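The values are calculated or read from the model by the stated rules, or taken from the named source; none is laboratory data. These figures come from a predicted structure and were not determined experimentally. All Cβ positions, glycine included, derive from the backbone under ideal geometry; neighbour counts span all protein chains shown. With ligands, DNA and RNA removed, areas are computed over all heavy atoms of the protein, side chains included. Shrake-Rupley method; radii C 1.70, N 1.55, O 1.52, S 1.80 Å.
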Amino acid sequence: MAPTVANPPKLERDFDLREIIKGVEYVAPSPFGIHQKIVHNIAKIFDKFLEKNPIGEIFISPLDVILEEDTILQPDLVYLSKENAHLLTDWIRGVPDLVVEVVSKHSTTRDTVEKKSIYEKFGVKEYWIVFPENACIEVFALVDGKYEIYTASDVGDGKVKSKLLTGLEVLPERIFSLQI
């Protein structure tokens, strides 16, 4: 029988919205279109930067980042430098250079507290937290094993900058623009 909406195809493990944090499984609902548009806008900005500066590659969720057996996350975006390209096998097995999480109503604490702590513990060099409801972006850089705010869109000139990807500067309106 051919797959239909009523009889969908059986999906293999390659499309799974499950994350495991300290051995506890979380299944997030699929993201809303606005969330995905914001992720897409960020990916376009990173892609454009990486075309001019071929120093690594960006990946969009869902893609497992396996930090250890009981800690498997799916950041909205993941950047791997060329030096860490070997981490990408079937999934990303190890610590990526940079991750981006777009916060949803149901994921605020998980993204801003739990995941931030995990990324810090494992040594992810840079963590971007994107808040669509406030049109705000915070960029944290790892300094001596602890995250420090590097830049935020609600202070200074409003641009966010990457410490890791020198020269990457982003105006929030480019990320939060929902025009098709």
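Quick check: anything in the stretch 110-122 part of a strand (DSSP E or B) and exposed (fewer than 12 other Cβ atoms within 10 Å of the Cβ)? Looking through the stretch 110-122, none of the residues is part of a strand (DSSP E or B) and exposed (fewer than 12 other Cβ atoms within 10 Å of the Cβ). Residue count for the stretch 123-159, restricted to those that are in a strand (DSSP E or B) and out of contact with any Leu (no Cβ under 6 Å at 6 or more places or on another chain): 20. Within the stretch 22-49, the residues that satisfy the criterion of being free of Cβ contacts under 8 Å to residues at least 60 places away in the same chain, part of a helix (DSSP H, G or I) and more than 15 Å from the chain's Cα centre (by Cα) are 33, 48. For residue 80, the requirement of being more than 21 Å from residue 27 (Cβ to Cβ), assigned to a loop (DSSP other than H, G, I, E, B) and touching a Leu at 6+ places or on another chain (Cβ under 9 Å) is not met. Among the residues of the stretch 138-146, is any open to solvent by less than 70 Å² (accessible area, probe 1.4 Å) and closer than 20 Å to residue 105 by Cα? Yes, the stretch 138-146 contains a residue that is open to solvent by less than 70 Å² (accessible area, probe 1.4 Å) and closer than 20 Å to residue 105 by Cα.
Beta carbons closer than 7 Å, at least 6 apart along the sequence or on distinct chains, pair a first residue in the stretch 73-102 that is aromatic (Phe, Trp, Tyr) with a second that is modelled with pLDDT of 95 or more and open to solvent by 10 Å² or more (accessible area, probe 1.4 Å) for 79/56; 79/58; 91/66. Taken as a whole, the stretch 142-165 holds no residue that is in contact (Cβ under 8 Å) with a residue 40 or more places away in the chain and either out of contact with any strand residue (DSSP E or B) (no Cβ under 8 Å at 6 or more places or on another chain) or of a type in the set (Val, Ile, Thr) (or both).
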